[in-house]
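Below: one structure, written as C-alpha cells.
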Amino acid sequence: MDPIAVALLVVGGLGLAVLVVALLAGEIGEIGPIDADGPFSVPAIAAFLGGIGFGGAAVTTLLPDLPGVPTVLLALAGGLVVALPLAAGAVKLSAALRDMPTEPTLTGDRLLGAQGVVVSRIPAGGLGEVRLTAAGQQLKYHARSDVPLAAGTPVYVIDTPTETSVQVVSTAPETPDLFPDPGGPSS
C-alpha cells in the first residue's frame, strides 16, 4: 500500500479516535475559561481531520502513479473537499444538539391550572389522591378540597401548598352531596 495513503488513513483514524473520545468522555482539554465552540470545537476538528485523512486516502487510490509531492498535494486537496462539509456538518449538528429546546423541571408553579381526576376520594378538609396531567406526564399527588370529592371527579389545581400536595376544585357539573355527614339530618 502507498505510504502516503497509509499516512492519510492514520490521520483519518486519529480524527475518528478524537471524535469517539469526545463523545464518550466529553470535551478534551478544557482549560480555564476558554470556550471553543463553532469551527474550533472538538467535533469540528475531529470531523476535519477524519475528512482530510479518509478523503485524501481515497484520492490516492484514484490517482495514477505520480511522484510524491503532486500526490500529496492532490490528496490533501481532495481531503479538503471532503473535510470542509464534514466539519460544517459537525458544527451545525453540535449547535442543534446544544441549543435544542427542553422542558424546564416541573415545579409547583407549573402545576397551577393542571387538570386531572380524583383517584382516592377526598373528604372535606382531608387528604385524597389525584392523577394530574402536567407537561405531558401523568402524575399522582396528595390533594385537598374544601368540599368532598368522589373518585373519578374531574378536578382543576388552584394551589400547591407543598411539593407533594395540591389544592383542587371540581370541574364536574353540580351534583347532590355524595357523602352526607353521618351525624347530620337524613332525608
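Taking every alpha-carbon pair under 8 Å whose residues sit at least 6 apart, the chain reaches a relative contact order of 15 percent. Of the peptides 165-174, 105-114, 41-50, the order by per-residue mean of other Cβ atoms within 10 Å, starting with the highest, comes out as 41-50, 165-174, 105-114. Scoring 93-102, 132-141, 70-79 by mean Cβ neighbours within 10 Å over their residues and listing the highest first yields 70-79, 132-141, 93-102. Which one, (i) 55, 37, 31; (ii) 109, 36, 21; (iii) 43, 39, 32, gives Cα extents along the principal axes in Å as derived from the coordinates shown? Here the calculated entry is (ii). Between L93 and M1, the modelled labels are 2.4 nm apart [label points 7 Å from Cα along Cα→Cβ]. Each of V155, G15, V59 was scored by the projection of its Cα onto the charge dipole of the chain, and the greatest displacement toward the positive side belongs to V59; charges sit on the C-beta of Lys, Arg, Asp and Glu. A simple charge model with +1 on the Cβ of Lys and Arg, -1 on the Cβ of Asp and Glu and nothing else charged puts the dipole of the chain at about 300 debye relative to its Cα centre.
Rounded to the nearest 20, the Cβ-based charge dipole of region 3-99 about its Cα centre (Lys and Arg +1, Asp and Glu -1) stands at 200 debye.
Readers should treat all values here as calculations from the given coordinates under stated rules, not as data from a laboratory. Please read all numbers here as calculations on a predicted model, not as lab measurements. Counting neighbours? That spans all protein chains shown, and the Cβs are built from the backbone with ideal geometry, glycine included.
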